[in-house]
1. HN-Hα J couplings of the range 137-154 from phi, Karplus 6.51/-1.76/1.60, θ = phi - 60°, integer Hz, Gly and Pro as x?
2. Could you check the spin-label model distance between ASP164 and VAL130? Points 7 Å from the Cα along Cα→Cβ, value in nm.
3. Return the sequence-ordered ³J(HN,Hα) values of the range 158-165 in whole Hz as given by the Karplus equation 6.51 cos²θ - 1.76 cosθ + 1.60 applied to θ = phi - 60°, using x for Gly and Pro.
4. What residues have an amide H closer than 5 Å to that of GLY150, excluding those fewer than 5 places away on the same chain, when H is modeled at 1.01 Å from N in the peptide plane?
Amino acid sequence: MSGEVREVSLRIGQFYFGSGYIKIRTLLGSCVSIVMWHPRLRVGGMCHYLLPRRGSCGIAIAAPEGNYAEGAMELFMHELRNNGTRPSEYIVKLFGGGCMFVDSKDSQRPFSDIAALRTDVREISTRNVVAGKELLSKHGFNISAENTGGVGSRTVVFELWSGDVWIRRGNALGTNGTPA
């Protein structure tokens, strides 16, 4: 490899697509990242979305499109058009959707509004993964690898020049805010 490696860190709602000696990294909890790489052109990108669609969880958020799976997919499709490529030409990987909150010892108590909210928060990770899979399929992409669900966080690192992706798993937080 010749050239200096530049690192790009994605936060929630951010998206990066390009080529060269770029290493993209992000930290995921219940959020999801889609990674795409074109092996012949050596271009690709990564997104980091928070929710499946605008208005998820009954919240009407006025946030950038990259916060939502639907908006992130549109950003990818824009880049594919700019590069004159088709979805079937990409290696696609899906990451994240981890449950970040585990039940405490008193989880057998009757549900209250707070408990119902906690359940909804735990389910968003699953809905994020489902939304990503549905959108990828709808647009003609095939997922070649995934590491989704489970408990805890993931750090994802993607090298644009090689297409390699690494994942490091973390811990979930207990309901008292400590590692599970």
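Every number in this text was worked out from the coordinates using simple rules, so none of it is lab data. Predicted, not measured: the structure shown is a model, and the values here were computed from it. Don't worry about glycine lacking a Cβ; one is built from the backbone with ideal geometry, like all the others, and counts go over all protein chains shown.
1. 5, 4, 8, x, 8, 10, 7, 8, 7, 8, 9, 10, x, x, 10, x, 8, 9
2. Roughly 3.7 nm, to one decimal.
3. So the Karplus estimates, Gly and Pro as x, are 10, 9, 5, 6, 10, x, 6, 10 Hz.
4. Amide H to amide H, under 5 Å and 5 or more residues apart or across chains, GLY150 pairs with CYS99.
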